[in-house]
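What follows is a single structure, written as structure tokens, with notes after it.
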Amino acid sequence: MISFILCFFAVIVSILLIAYYTYRIAFYSSKKKRNTLDDPMTGPQYEALSEHIYRAGHIMERYPCEEVEINSFDDCKLFGRYYHLRDGAPLEIIFHGYRSCAFRDCSGGHALSRKMGFNALVVDQRAHGRSGGTTITFGIKERQDCLCWIQYANTRFGTDTPIILSGLSMGAATVLMAAELKLPENVACIIADSPYSAPSAIIEKVCADMHYPVTLCRPFIHLGAWLWGHFRLNGCTAKEAVRCAKIPILLIHGEDDRLVPCSMSTEIAACSPSLTIVQTFPGAGHGLSYLIDPLRYERVVYEFLCKVPQIAALISDNFMQHKPDS
């Protein structure tokens, strides 16, 4: 009997240790080891374009901005940078990806936002950059943070200011998951670059890429998220959230994305075909479509926004006069 009890406790302890290990690997973010723009980028697709990425990030760093802090729905400190371009312009709120940073992931979006004549609020997601928190929830809690940023913007700029939600990778999933929430009427549209269809789907895909047994890992990943991250990994998906969407959505995806399969954007779009447009970029890796074909990327975004009534009339006249060639 004693040996049975000891074996039982040994099994429980082993399960908890494995679950904690998966939490640390997938979800935990140390405040001392967060990625910055100048951290090295791995993988041949990124290495080939790293100089362009660093240059764009440092250009963004040099623009004057106002540092902003708010509290999230669960009292987590959130940090962002507000870039004011002109009074009365739409506001684009931009979200970066998993274990990345705003200056790396959002530099292209910020540059295009300026070309369009928009003001921009570029945020550090929770457990990233200068924001608080130590748990990354793959968009589950971040979508609520997105709503907090919208509420901040409406309090500051008024509800007559049109808002564009945009993001890359996990940031794209964040803004798509926010579509299931009760968004204010001045949130005009969503632009999502390289989103995954569901948090569990992308984690399992990465596990498979690393040759881990997905079926065996799955319960430990979910348990780690629940016990130490205090969230349910299947609490929301981009696919299900988009079913609830009431605003137009542009999905952009590189066809050579080796991290988040391009097919995930197709799956998301199928959940709301009347509101969703998908544009794919041949030869582009994860989040690299703008760098691979900037003229087409700008044209795609411009044509999408021209169909959004709240935004179309407010795009910079300068951009319209010099819009990308077809």
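A simple spin-label model places pseudo-atoms 7 Å from Cα toward Cβ; at LYS33 and ARG243 they are separated by 3.8 nm.
Please give the residues of the range 4-26, grouped as numeric ranges, whose backbone N is less than 13 Å from a label point set 7 Å along the Cα-to-Cβ vector of ARG99. Residues 22-26 qualify, since their backbone N sits under 13 Å from the label point. For the range 95-103, putting each phi into the Karplus relation 6.51 cos²θ - 1.76 cosθ + 1.60 with θ = phi - 60° gives couplings of 10, 8, x, 5, 6, 10, 8, 4, 5 Hz, in residue order, rounded to whole numbers and with x for Gly and Pro. Here the chain carries DSSP beta bridges of which approximately 30% are antiparallel, counting only pairs with both residues inside. Working from label points 7 Å from Cα in the Cα-to-Cβ sense, the MET41 to GLU69 distance is 3.1 nm.
For the range 1-156, the antiparallel share of DSSP beta bridges with both residues in that region comes to about 70%. Taking only the Cα atoms of the chain, the ratio Rg/Rh comes out at 0.99, with Rh defined as the Kirkwood radius. Per residue, the chain exposes 46 Å² of solvent-accessible protein surface, assessed with a 1.4 angstrom probe and all protein chains in place. Candidate membrane-span-like segments in the chain, meaning DSSP H helices with Cα atoms spread over at least 30 Å of their own axis and a Kyte-Doolittle mean of 0.5 or above, are 2-26, with no membrane implied.
Reported to the nearest whole Å, the Cα centre-to-centre distance from the range 256-312 to the range 53-106 is 21. Shape class for the range 146-293, computed from the alpha carbon gyration tensor (a ≥ b ≥ c): oblate, with a/c not under 1.5 and a/b at or below b/c.
Rounded if a/c is under 1.5, else prolate if a/b is larger than b/c, else oblate: which is the range 272-312, with a ≥ b ≥ c the root eigenvalues of its Cα gyration tensor? Oblate shape, in that a/c is at least 1.5 and b/c is the bigger or equal ratio. Convex hull volume of the Cα atoms of the range 80-209, normalised per residue: 99 Å³. Each peptide in 161-170, 48-57 was scored by the mean count of other Cβ atoms within 10 Å over its residues; highest first, the order is 161-170, 48-57.
Here the accessible area is traced with a 1.4 Å probe on the protein chains. For the chain, carbon and sulfur cover 58 percent of it. Lys-Lys pairs in the chain that are eight or more residues apart or on separate chains and whose Cα atoms lie under 26 Å of each other come to 22. Here the Karplus curve 6.51 cos²θ - 1.76 cosθ + 1.60, taken at θ = phi - 60°, turns the phi angles of the range 127-137 into couplings of 6, 9, x, 9, 7, x, x, 10, 10, 8, 10 Hz, with x standing for Gly and Pro. Peptides 75-83, 29-37, 5-13 ordered by packing proxy, namely the average of other Cβ atoms within 10 Å per residue, highest first: 75-83, 29-37, 5-13. Per-residue Karplus couplings for the range 230-238, computed as 6.51 cos²θ - 1.76 cosθ + 1.60 with θ equal to phi - 60°, are listed in order as 6, 8, 9, 5, 9, x, 6, 10, 5 Hz, Gly and Pro entered as x.
Extension gain for ILE12-CYS306 works out to 100.1 nm (0.36 nm per residue, less the C-alpha to C-alpha distance).
The values are calculated or read from the model by the stated rules, or taken from the named source; none is laboratory data. On a predicted model such as this, the values are computed, not experimentally measured, just so you know. Glycine also receives a Cβ, built like all others from the backbone with ideal geometry; neighbour counts cover every protein chain displayed. Surface areas here come from the heavy atoms of the whole protein model, side chains and all, with no ligands, DNA or RNA. Shrake-Rupley method; radii C 1.70, N 1.55, O 1.52, S 1.80 Å.
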